[in-house]
């Protein structure tokens with residue numbers, strides 16, 4: 001049934017226009033989207049001028065997107081959308097290590113390292129020993145688990161953001177657990193950094209009275225046959241931005257201790273165990 | 001109060017992050033937007049892959065925007081958003097002529113004409129006499145009302161879409177009513193045309209089983225001191241796309257008769273009275 005558009009029946013007018021033979025999931029998503037989009041406009045009583053601001057904002061956000069920059073993902077991140085999609089799709093049993101967002105700086109194909117090796121290639125930052133175990137929910141070690149790690153350098157930039165300033169694969173590596181499920185490697189104590197804030201999303205954050213910083217964190221992708229893929233960070237447990245991560249990535253279970261080591265070259269030790277959910 | 005992000009309390013986590021001293025209307029709109037956006041994602045249970053499709057769609061929509069093309073407005077139009085914003089902001093007393101969307105083809109500064117003059121400069125199409133009265137809600141004539149009219153040509157394009165093919169100001173003009181509130185001019189019987197459908201919005205319409213056509217219509221902006229500005233169309237009353245306008249612009253009160261004239265050069269007559277709401 002199609003009908004003329006009215007303010008009251010606006011959702012039915014739009015959703016009733018869809019064809020009979022379209023993809024059922026697309027119909028479901030679009031029906032839901034139009035319902036909530038119209039509800040938003042009606043509840044906010046959006047003015048013509050406010051609608052124009054919204055159109056301009058989306059257009060500017062699109063304009064700044066390039067091979068190097070994805071401002072719509074940044075928008076999704078800063079409105080909690082990315083974390084919400086991640087949460088919905090990664091519900092786990094209690095006790096399993098929680099997911100958080102992948103972020104834009106993962107690179108496939110990082111070099112494989114032996115346990116205990118150092119991934120910091122630029123010599124910057126305060127070195128830190130990361131170690132722990134990969135287990136199942138019952139605490140049994142998982143052998144052959146792959147741990148893909150990456151972090152920013154001491155200046156707050158990932159290697160891919162500074163291809164001419166940082167060695168390739170700086171602060172990145174892949175480790176595979178042995179029979180006891182243990183891992184260990186040397187990196188740096190990561191530092192907090194701002195998301196790119198010189199575009200429309202940065203302007204939005206400023207107008208909302210929000211800062212653009214992410215608390216310092218180490219990225220992990222942990223995979224093992226028979227277990228759900230774990231994409232997560234561990235956060236430096238005393239970072240000032242923990243409760244105000246610009247992209248809402250922090251979960252209370254993902255903060256990690258950083259203990260000062262008094263002897264030797266390595267300055268910190270950060271223990272963390274990864275507990276995988278069955279697939 | 002800020003807190004860590006959780007799936008359950010995702011809206012509070014994002015909205016609780018806004019600063020204390022921000023613009024109150026911005027706070028109201030963003031609170032409402034985040035609430036409905038998260039509700040949509042939760043209800044649709046959007047997958048990671050579907051989120052990626054959405055990000056790509058928005059990025060493509062931004063990429064195709066230019067000085068000549070506004071794909072985000074097209075998206076707003078085809079999802080009924082533009083009409084909804086128009087409706088919310090132009091509620092009127094019963095009997096007053098209803099608003100509809102302005103569309104992208106209005107040009108300020110069209111030439112002023114005397115009543116009865118012809119606005120069609122390319123000699124194409126079936127000529128039509130448009131006439132009627134501008135009155136208040138009590139039927140009293142409004143003197144000095146400005147009527148700004150525009151339509152496509154017989155090929156379905158506005159002059160600004162074909163600057164090298166059509167004379168400037170083809171099928172455009174401004175008329176001002178006399179003491180009896182009457183107006184009349186010669187244009188063409190407008191023809192239906194597709195909105196630009198070679199971009200992301202066109203692809204979306206195809207996937208939704210929708211066509212891109214607008215039913216034939218004549219555009220009007222009617223203004224008079226002491227009355228609410230009227231932005232509207234009159235639609236050719238027997239157009240096949242009346243019930244399926246791609247941008248949902250049709251209201252039942254805005255269809256106009258087109259009567260065949262048997263004698264003379266002018267082939268049609270379309271009478272329509274505009275009834276203005278007090279400001």
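On the given criteria, is residue B:232 within 21 Å of the chain's Cα centre (by Cα), under 21 Å from residue B:131 (Cβ atoms) and touching a residue at least 60 places away in the same chain (Cβ under 8 Å)? Here the answer is yes, as residue B:232 does meet what is asked. Residues that are in a helix (DSSP H, G or I) and at the interface with chain B (Cβ under 7 Å from one of its Cβ atoms) within segment A:1-11 comprise just one, A:10. Looking at segment B:12-39 only, could you name the residues that are more than 7 Å from chain A (Cβ to nearest Cβ), within 19 Å of residue A:246 (Cα to Cα) and assigned to a helix (DSSP H, G or I)? Within segment B:12-39, B:12, B:15, B:27, B:31, B:35 qualify.
Among the criteria (1) assigned to a helix (DSSP H, G or I); (2) in contact with a helix residue (DSSP H, G or I) (Cβ under 6 Å, 6 or more places away or on another chain); (3) crowded, with 16+ Cβ neighbours inside 10 Å; (4) within 7 Å of chain B (Cβ to nearest Cβ), the one residue A:46 does not fulfil is (1). What do you reckon, is residue A:142 more than 23 Å from residue A:190 (Cβ to Cβ) and more than 10 Å from chain B (Cβ to nearest Cβ)? Answer is yes for this residue. Screening residue A:261 against (1) in contact (Cβ under 8 Å) with a residue 60 or more places away in the chain; (2) more than 30 Å from residue A:63 (Cα to Cα); (3) buried (at least 20 other Cβ atoms within 10 Å of the Cβ) leaves a single unmet condition, (3). Looking at residue B:190, is it under 25 Å from residue B:92 (Cβ atoms), buried (at least 18 other Cβ atoms within 10 Å of the Cβ) and within 14 Å of another protein chain (Cβ to nearest Cβ)? It is false that residue B:190 is under 25 Å from residue B:92 (Cβ atoms), buried (at least 18 other Cβ atoms within 10 Å of the Cβ) and within 14 Å of another protein chain (Cβ to nearest Cβ).
Just checking, how many residues over segment A:66-99 are more than 14 Å from the chain's Cα centre (by Cα), surrounded by fewer than 20 Cβ atoms within 10 Å (Cβ to Cβ) and touching a residue at least 24 places away in the same chain (Cβ under 8 Å)? The total comes to 4. Where strands (runs of 3 or more DSSP E) sit wholly within segment A:106-187, those with at least 1 residues that are in contact (Cβ under 8 Å) with a residue 60 or more places away in the chain and more than 22 Å from the chain's Cα centre (by Cα) occupy A:127-135, A:172-176. Kindly evaluate residue B:111 against the criterion of being in the same structural domain as residue B:233 (by TED's automatic domain parsing) and in contact with a strand residue (DSSP E or B) (Cβ under 9 Å, 6 or more places away or on another chain). Spelling it out, residue B:111 is indeed in the same structural domain as residue B:233 (by TED's automatic domain parsing) and in contact with a strand residue (DSSP E or B) (Cβ under 9 Å, 6 or more places away or on another chain). For segment B:58-77, filtering for residues that are more than 7 Å from chain A (Cβ to nearest Cβ) and in contact with a helix residue (DSSP H, G or I) (Cβ under 6 Å, 6 or more places away or on another chain) leaves 5. Selection of segment B:78-106 for residues being touching a strand residue (DSSP E or B) at 6+ places or on another chain (Cβ under 7 Å) and either under 23 Å from residue B:170 (Cβ atoms) or away from chain A (no Cβ under 14 Å) (or both) yields B:95, B:96, B:97, B:100, B:102, B:103, B:105, B:106.
The values are calculated or read from the model by the stated rules, or taken from the named source; none is laboratory data. Since we're looking at a predicted model, the values are computed, not measured. Note: ideal-geometry Cβ built from the backbone for every residue, glycine included; neighbour counts use all protein chains shown.
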